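The values are calculated or read from the model by the stated rules, or taken from the named source; none is laboratory data. All values derive from a computational prediction rather than experimental measurement. Because the Cβ atoms are built from the backbone with ideal geometry, glycine has one as well, and the counts that use them run over all protein chains shown. In case anyone asks, the SASA skips ligands and DNA or RNA and just uses the protein heavy atoms, side chains included. Shrake-Rupley method; radii C 1.70, N 1.55, O 1.52, S 1.80 Å.
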Amino acid sequence: MSKIIELKNVNKWFDKFQALKDVSLEVNQQEKIVICGPSGSGKSTLIRCINRLEEHQEGEIIVDGKEISDNTKDIEQIRAEVGMVFQQFNLFPHLSILDNCTLAPIWVKKLPKKQAEEIAMRNLEKVQIADQAKKFPGQLSGGQQQRSALARALCMEPKIMLFDEPTSALDPEMIKEVLDSMVDLAKAGMTMIVVTHEMGFAKEVADNMIFMDEGRIVEKAKTKDFFDNPQSDRTKLFLSQIL
Amino acid sequence: MKPSKENLTSFVIFGGFFIFISFLDVLLNTFLNLNFTGFLPSKLSYFAPLILGTIGLYFIRIEFSGNKLLDKINTNFNSTNFNAILTLIVIFTLIKYIPPILNWFFFDANFSGNSKEDCTGSGACWVFVKVWFNRFVYGMYPDAEQWRINSAFILLFSLVGASFFVPLKIKKYLLIFLLFVYPIIGLKLISGGDFGLKYVETGAWGGLSLTFIVSAFALILCFPIGMFLALGRRSSLPAIRYTSIGFIELWRGVPLITVLFMSAVMFPMFLPDGTYVDKLIRVLIAITLFEAAYMAEVIRGGLQALPKGQYEAAKSLGMGYWRMHFLIILPQALKLVIPGIANTFLALVKDTPLIFVVGLLELAGMVNLAKTNPKWLGMAMEGYVFAGLVFWIICYAMSRYSQNLEKKLSTER
C-alpha cells in the first residue's frame, strides 16, 4: 500500500495560539483513520490543513504527491481530489440536492451535465436519498442533509474523504443513518480521515486511531490496541470518560 | 355603569346612538356645512363628535358578547379607550379630507379645452397636463421624430416581456442582447445621425423618456460595478481592497448634485483639447458611479451575512475564487439583499430629476419649465401632482416586482 497523505513536522498558529505542534502523520491508500480528542485539541485544524481550509506555517503536507503551498492551482486540484463533510453540512441552500451534487462536477471537472447527473443519482442512491433529489436542503431533515453533503463530496470522485465531526450537529436518531452511509463508504475502500466522538463507528471501521491533545498527536495505534491497551495516561483518562 | 353582557342589547343601542350622533355631526359638518353642536363653546363643539363617539364606543366594548360583528369591532378597533379615540380620529379625518381631495381631482376639475382660460372650475386644471403631455413625455425632442423614441421603448418592452416567456436557452441570448446590443441600437435610434436618421442632440431629449433612459442605463451599469466593488472591498489583496474602499467612501461622501456639477463643469477641463464627451454621457457615468458605491455596500451586507461554511464547502469542492463567488456566494447574497437593492434602485429613479443642474430636463424638470411659461402660470400644483403620480407608479411597480422576485427565489420550506 502506498502513501497518499504525508504530514512532516507541521506547525500551525492562530495568532499567538499554537493549534498544531510538530504533527507528523502518514496515511496509506484505503486506510481509515479516526482522530479523537478533547475539543480544542487541534483535530479539526489538522484535517482542515490537509485541504488547506487552514494554512499551516511550518512543515510539509504532501497530498497525492503534491505539496500544499501557496500555489492556488495546485490547491484547487488537491481539493478536487479530497472530499470533505462538515459538521454543519454546508449544503448550498439556493440549489436543489441534485444541483448541489452536480455543480462542482460540471464547473470544476467540466463533465457534461448528463454525465454529472448520472453520477449524482448513483451517489444519492448509495446514501439512500435518491427520491429527495429535487428538493431543497431546507426541506430535508438533518440526517438527510448530511447524507446529501456526503453524496455531494462523492460526486467529485475523490481519492480521500475528510470528515469533520459529521454527526455532532445531528439528533441521536439521525446519527445512525449517517454512520451507516459512512460504513458503506469505508467498506467500498475509500481512504478516510474521520474526526468523531462515535467510538462504536471507530471500532467498526478504523484501521488506526489517533488521539490528540493540545495540538499534539499523543497516541497513534491500531484500533484494537488503542482501545484495549492505551499507552499514555492522557488517552486512558479520555477513553474512561467517553466510553 | 359598566357595560356587561347581561344588558347587551340596551348597551349596544345606547352606545350605537352616541356613535350615530357623532358621525352625523361630522357628516353634516362636512357635506352640508351645518353644525348642530354650535350652541356649545367653540372648542367643545369642535371636539364633540370625538367625545360622543368615545363614549359610544365605551358602551359597546363588551368582551365575548357572542355577536361576531361586535366582537370583531371590539378586538380590532376598540380594545381600549385610547384605541377607540385613534379609530375615531382616523375615520373622521378620512371623512373630512377625502371629499375635498376628490373634488379637486375630479368633480371640480377641468379636463377639456386647450388654454388656461378653459379652466373655470375650482379644482385642478388638467388641461395644463393635457396640453403639455407631449413635452412631459418627450421633452424638446422634435415632434416629427418622436416615433424613434416610441419604437426604441416598444422594442425594449417587447424584448423584456418576451424574456419572461421564452425557454431558458433562448433567454440567455436574449439577456445578452438586451444588456450589450440593445443599448447601442436604442441610443443610436434616439440620437440618430446615421442611417438617414436626423441627428437630435441630447440637449433636446427630455421628459419621461429621459427619466427612463437615465434610470435604465444607470440601473443596468451600477449593478455589476457595485458587485465588483463589494467583492473588491472584501478582497485579501490590499491594493484592490483599498482602491475599493477609497472609491466607495469617496462617492458615498459627496452629494449627488455636486457630482453632477463636477461632471458638467470640471470634468471637461481634464479632457485634452478638442475631445468632447456628450453631456448626457457624462451625467450617466456620474450617476452610475455614484449609485454603484451605494450598491456595493448593499451587496457587501449580503456577502457578510453568509455563513463561513458556504465558502468552505465551495472551496472544498475545488472551486476557485470566481466560480465560488458566481455559483455559490453571489446568488445567495444577492437574494438576501433584494430589498436593499430595490431600495437603491428606487432612490436612483427618484434622483434622476437632479440632472436639471446640468440643463437636462426629465419629467420633473419639464414640469418645472412648463409652470414658468407665462401662459400657464399658477399650474405648479397640477404639474407636480402629475409628476409625483408618474414617479409613484414607476416606483411602486419596481417595488412589487422585487417582492415577487423574493417570493419566487425563496427556497425555504
Residue count, segment B:348-398 (criterion: surrounded by 16 or more Cβ atoms within 10 Å (Cβ to Cβ) and of a type in the set (Gly, Ala, Ser)): 5
Residue tally, condition open to solvent by 40 Å² or more (accessible area, probe 1.4 Å), in contact with a Lys or Arg (Cβ under 7 Å, 6 or more places away or on another chain) and within 8 Å of chain A (Cβ to nearest Cβ), over segment B:291-327: 1
Qualifying positions in segment B:68-78 - closer than 12 Å to B:Thr54 by Cα and open to solvent by 60 Å² or more (accessible area, probe 1.4 Å): B:Phe77
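Okay, residues lined up against (1) touching a residue at least 40 places away in the same chain (Cβ under 8 Å); (2) under 21 Å from A:Leu46 (Cβ atoms):
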site	(1), (2)
A:Glu165	yes, yes
A:Met174	no, no
A:Val178	no, no
A:Met199	yes, yes
A:Ala206	yes, yes
A:Ile210	yes, yes
A:Ala221	no, yes
A:Asp233	no, no
A:Ser240	no, no
Looking only at segment B:399-413, and only at residues there that are within 24 Å of B:Leu219 (Cβ to Cβ) and among the basic types (Lys, Arg), the one that is least open to solvent (accessible area, probe 1.4 Å): B:Arg400
Close pairs (7 angstrom Cβ cut-off, 6 or more residues apart or separate chains): away from chain A (no Cβ under 14 Å) in segment B:390-413, polar (S, T, N, Q) anywhere: none
Filter result (over 13 Å from A:Leu7 (Cβ atoms) and either open to solvent by 20 Å² or more (accessible area, probe 1.4 Å) or in a strand (DSSP E or B) (or both)) within segment A:38-53: A:Pro38, A:Ser39, A:Gly40, A:Ser44, A:Leu53
Count of residues meeting criterion [more than 8 Å from chain B (Cβ to nearest Cβ) and either over 13 Å from B:Met319 (Cβ atoms) or in contact (Cβ under 8 Å) with a residue 40 or more places away in the chain (or both)] in segment A:96-108: 8
Single match in B:Ile149, B:Ile91, B:Ile85 (criterion: in contact with a Ser or Thr (Cβ under 8 Å, 6 or more places away or on another chain) and under 30 Å from B:Thr54 (Cα atoms)): B:Ile85
Residues that are open to solvent by less than 60 Å² (accessible area, probe 1.4 Å), hydroxyl-bearing (Ser, Thr, Tyr) and not in a helix (DSSP H, G or I), drawn from segment B:112-144: B:Ser115, B:Tyr141
Residue selected from segment A:72-88 under the condition at the interface with another protein chain (Cβ under 8 Å from one of its Cβ atoms) and not in a helix (DSSP H, G or I), by the criterion farthest from A:Ile129 (Cα to Cα): A:Val82
Qualifying position, being under 28 Å from A:Gln241 (Cβ atoms), open to solvent by less than 50 Å² (accessible area, probe 1.4 Å) and among the β-branched types (Val, Ile, Thr), among A:Ile78, A:Ile61, A:Ile35: A:Ile35
Spans of helices (runs of 4 or more DSSP H) in segment A:118-218 with at least 1 residues within 13 Å of another protein chain (Cβ to nearest Cβ), buried (at least 24 other Cβ atoms within 10 Å of the Cβ) and in contact with a strand residue (DSSP E or B) (Cβ under 9 Å, 6 or more places away or on another chain): A:142-154
